[in-house]
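Report on the structure given below.
The values are calculated or read from the model by the stated rules, or taken from the named source; none is laboratory data. These figures come from a predicted structure and were not determined experimentally. Cβ placement follows ideal geometry from the backbone for every residue including glycine, while neighbour counts extend to all protein chains displayed.
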Amino acid sequence: MRAAILAGLTAVLLAIPTAGQPPAPKPLTDAQKEKLKEAAKYSKESDDLERSGKWKEAIAVAEKLLAVEREVFGKVHEYPARTLERTGKLHMRLEDWKVARAARQECLEVRTALHGKDDWRVTDARIALADVDLIEKLTDDQRIGVRQAKE
């Protein structure tokens, strides 16, 4: 009898989510797994294009990646946040301030929703967003200096 009570109590306790822990994610469907293979291909392709200095092409592929990630995981997930960070950086390289600002703003919103306003990833996203305004105000020579320093 005691064993049955303990087994029942254990089952009840295991069913209660741990405080502060998000619920376990649902297992991915086969279709979602296939989409993630496509996403992995886009991620590698975007990286390769970025490394070779083909920023516009890298952005186009990263936007495909972002669409797949949102389809599989939704808007509020770390993967789309990372891709927004990547597209923001690429738009900064092209000096497309408006689009860079929008990508970094959305990244900040996603990371805040995921981690809370005091998390270091949110602080990094906030700084990246502020960088858009700072770098936009620099002269061309100053921007070149910033780019060289980062590389």
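The figures follow:
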item: Residue match in the stretch 137-145 (condition: in a loop (DSSP other than H, G, I, E, B) and of a type in the set (Gly, Ala, Ser)); result: no
item: Unmet criterion (only one of (1) closer than 19 Å to Arg147 by Cβ; (2) touching an Asp or Glu at 6+ places or on another chain (Cβ under 8 Å); (3) free of Cβ contacts under 8 Å to residues at least 40 places away in the same chain) for Leu84; result: (1)
item: Filtered residues of the stretch 62-86 (kept if β-branched (Val, Ile, Thr), closer than 21 Å to Ala128 by Cβ and assigned to a helix (DSSP H, G or I)); result: Thr83
item: Pair list, Cβ < 6 Å and 6+ apart or interchain, from the stretch 39-54 residues that are over 22 Å from Glu78 (Cβ atoms) to residues that are at pLDDT 95 or above and in a helix (DSSP H, G or I); result: Leu49/Glu57; Leu49/Ala58
item: Index of the failed condition, Ala125 passing every other in (1) under 19 Å from Asp47 (Cα atoms); (2) touching a Cys at 6+ places or on another chain (Cβ under 6 Å); result: (1)
item: Residue list for the stretch 100-127, restricted to those being buried (at least 16 other Cβ atoms within 10 Å of the Cβ) and either over 22 Å from Arg70 (Cα atoms) or β-branched (Val, Ile, Thr) (or both); result: Val110, Thr112, Val122
